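Participant: Let me give you the structure first, and then I'll get to my questions.
The values are calculated or read from the model by the stated rules, or taken from the named source; none is laboratory data. Predicted model only: the values in this text are computed from it and were never measured. Note that we place each Cβ from the backbone using ideal geometry, even for glycine, and neighbour counts take in every protein chain shown.
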Amino acid sequence: MFRKIHFQRFHVVFAALIVLTIAVTANSQGTAFSYQGKLTDGGNPANGSYDLQFVLFDSLSGGAQIGATLTRSAVAVGNGIFRVQLDYGAGAFPGSERFLEISVRPADVGNYITLSPRQQISSTPYAVRSLNAGTADGLSVACINCVTSSQIQNVQGSQISGAIPVASVPTGSTNYIQNTTTQQAGSNFNVSGNGVVGGSLGIGTTAPTARLTVVGGGFTKNLFVTDNNTTATSFDLGNTSTGGRTWRMQSVGGGVFGRVGNFEVWEAGNSVNGLTIQPNGTVLMGSNLKAGGILVADDYGYDNPGKNDLIVKGNVGIGVTNPSSKLVVFGSTDPLVTSDVVDAFGFNNNVGIHGRTGTAFGILGSVSDSGYAGYFMGRVNVTGTLSKGAGSFKIDHPLDPANKYLYHSFVESPDMMNIYNGNITTDENGDATIKLPDYFEALNQDFRYQLTAIGQFAQAIVASEIKDNQFSIKTDKPRVKVSWQVTGIRHDAFANANRIQVEEVKPAKERGFYLHPELFGQPEEKSVEWALTPETMRRIKEQRAQVTSSNSAP
């Protein structure tokens, strides 16, 4: 049976019978088939060479194209008859309707003319479907044990689509893996090649929350990566965005001298360690790294600490769980522990401790009992003004140095006074000249004199006052021993710039507060220190209470 289709100058009579170009045996069967038709040109059977295009669709009009457009150039047409080979592959014929659209032109001349209507493909090409049993319709659920191992042993897994009911799988189904979200009990698999997972992979869970989610396994068996490589067992964790890095974590093997058994974390492209934990528990950080320090912070405002540096944004507590200052160090509350809390050594020309502030205290020391707020063993130098409540020297008692101390109070004055004294004996005329240090007049002014005769009643006077760093005395008797004393008020540059104000009204911030509130029946919060640095004093009081509480604990 033939159909006649007219389109402009062409019309084609298509053969309803399409001859399959397949061999008798299934092993050599292909997917190509022969298509034969009759082409007329201007009402007459066409003769010569023509170009033909064939497009497969899933509907008579519109619809979706199936497969590629097949072009057959310079097809020989004799007395209107042509024959071509077409091959859309087995997947083009799943069992649904298919329609062929044909376009034609004289060989290499002009544009293609599309003929209509499309021609429905007859049932003969669907024999191609028999080539691939794996694309056959799914087995019926009722087909229990109707497929045996011998019948499917040569079917390639890539040719199977759809779901095979579990009941239809032969005995030994625990060795088959099904594509399902339901966990299949007792199924095993062993893959010797490479595998790719496009989504997420769950181990011990059917609902993975990450690319790889591992659930269960117990305390030591969640994830285990190992091999016997003598260099290391490692895996990389990387980020490929701008600025991202790839870090390698590894367990060092027995073939690396000096590093056997180490756990190491390092930048894979840098080849130097960032973190090393040795088998004995020693932790090394920043070995050979330019920025090999440690940063403790919740942001990167303090980023890139220097090599071997420790940078902490917040507070640091040593021996305390809630540090209230940048550094809080608690010593042991055990009375049997006698180690110091902090030791600072400034070797050579390095400073041991440096304290600096604006309007508060560079260094603040306080005591809660009979200890010392500050204790200095050696010389102490004060370049500014020293203010104190009292002062004395303290030495081993000269008469009983092993058992007693001797104290003497400082001599106080409202002026910045210097005292000079000595003894001298007048000559046969009762005269004597007392020479003072050569810096005396450069240092002092407003001189005061005191003379006392020793050993006899005699009068002594200052014959001439201090000039050129000396003065003279005279007694009414010859050869009188005289004890003399001279005082002067400092007038050097520092004294003139820092003259002591004898009486001072307390600054507004310190009014109502005391240097020694306990002497006036006031609580410690009324001390001047509380007025100047209330937060510091509050922390000191809280820390003192913590120590007291720890000491009283059973």
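Participant: So, VAL77, is that one farther than 21 Å from SER122 by Cα, modelled with pLDDT of 90 or more and among the β-branched types (Val, Ile, Thr) or not? Steps first, answer last, please.
Facilitator: Working: farther than 21 Å from SER122 by Cα: yes; modelled with pLDDT of 90 or more: yes; among the β-branched types (Val, Ile, Thr): yes.
Yes; evaluated as a whole, the condition is true for this residue.
Participant: Right, here's the next one. Name the one entry in THR180, THR205 that is over 27 Å from the mean Cα position of the chain (by Cα), more than 19 Å from THR276 (Cα to Cα), of a type in the set (Ser, Thr, Tyr) and at pLDDT 80 or above.
Facilitator: Details: THR180 fails: at pLDDT 80 or above.
Only one candidate qualifies: THR205.
Matching residues to (1) touching a strand residue (DSSP E or B) at 6+ places or on another chain (Cβ under 9 Å); (2) over 21 Å from ARG83 (Cβ atoms); (3) at pLDDT 85 or above; (4) surrounded by 14 or more Cβ atoms within 10 Å (Cβ to Cβ):
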position	(1), (2), (3), (4)
PHE14	yes, no, no, yes
THR25	no, yes, no, no
PHE33	yes, no, no, yes
GLY37	yes, no, no, yes
GLY43	yes, yes, no, no
ALA46	yes, no, yes, yes
LEU56	yes, no, yes, yes
SER61	yes, yes, yes, no
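Participant: Restricting attention to the range 360-376, which residues are in contact (Cβ under 8 Å) with a residue 12 or more places away in the chain and not aliphatic (A, V, I, L, M)?
Facilitator: Start the filter on the range 360-376 by keeping residues that are in contact (Cβ under 8 Å) with a residue 12 or more places away in the chain, which leaves 360-361, 364, 366, 368.
Those that are in contact (Cβ under 8 Å) with a residue 12 or more places away in the chain and not aliphatic (A, V, I, L, M): PHE361, SER366, SER368.
Participant: Among the candidates LEU70, LEU115, single out the residue that is over 16 Å from SER34 (Cα atoms) and in contact with a strand residue (DSSP E or B) (Cβ under 6 Å, 6 or more places away or on another chain). Working first, answer last.
Facilitator: Numbers: LEU70 fails: over 16 Å from SER34 (Cα atoms).
Only one candidate qualifies: LEU115.
Participant: Could I ask something else about it? Please list, ordered by residue number, the strands (runs of 3 or more DSSP E) wholly in the range 356-428 having 1 or more residues that are in the same structural domain as PHE447 (by TED's automatic domain parsing) and surrounded by 10 or more Cβ atoms within 10 Å (Cβ to Cβ).
Facilitator: Working: elements: 392-396, 405-409, 417-425.
Correct list: 417-425.
Participant: Tell me yes or no: at least one residue of the range 422-432 is polar (S, T, N, Q), in contact (Cβ under 8 Å) with a residue 60 or more places away in the chain and in contact with a strand residue (DSSP E or B) (Cβ under 7 Å, 6 or more places away or on another chain). Full working, then the answer.
Facilitator: Our first condition is that a residue be polar (S, T, N, Q); within the range 422-432, this holds for 423, 425-426, 429.
Restricting the remaining residues to those that are in contact (Cβ under 8 Å) with a residue 60 or more places away in the chain gives 423.
Within this subset, residues satisfying the condition of being in contact with a strand residue (DSSP E or B) (Cβ under 7 Å, 6 or more places away or on another chain) are 423.
Yes, that holds for at least one residue.
Participant: Answer with yes or no whether ILE461 is more than 60 Å from the chain's Cα centre (by Cα), surrounded by 14 or more Cβ atoms within 10 Å (Cβ to Cβ), at pLDDT 95 or above and not basic (Lys, Arg). Please lay out each step first, then the result.
Facilitator: Details: more than 60 Å from the chain's Cα centre (by Cα): yes; surrounded by 14 or more Cβ atoms within 10 Å (Cβ to Cβ): no; at pLDDT 95 or above: yes; not basic (Lys, Arg): yes.
Considered against the rule, which asks whether it is more than 60 Å from the chain's Cα centre (by Cα), surrounded by 14 or more Cβ atoms within 10 Å (Cβ to Cβ), at pLDDT 95 or above and not basic (Lys, Arg), ILE461 comes out as no.
Participant: Does GLU524 meet the test of being closer than 18 Å to GLY358 by Cβ, modelled with pLDDT of 90 or more and either within 48 Å of the chain's Cα centre (by Cα) or surrounded by 11 or more Cβ atoms within 10 Å (Cβ to Cβ) (or both)?
Facilitator: Numbers: closer than 18 Å to GLY358 by Cβ: no; modelled with pLDDT of 90 or more: yes; either within 48 Å of the chain's Cα centre (by Cα) or surrounded by 11 or more Cβ atoms within 10 Å (Cβ to Cβ) (or both): yes.
Answer is no for this residue.
Participant: For the range 455-554, list the strands (runs of 3 or more DSSP E) that sit wholly inside it and hold at least 1 residues that are without any contact (Cβ under 8 Å) to a residue 24 or more places away in the chain and closer than 24 Å to MET416 by Cβ; which are they? Please lay out each step first, then the result.
Facilitator: On the way: elements: 460-467, 470-475, 481-490.
The qualifying strands (runs of 3 or more DSSP E) are 460-467.
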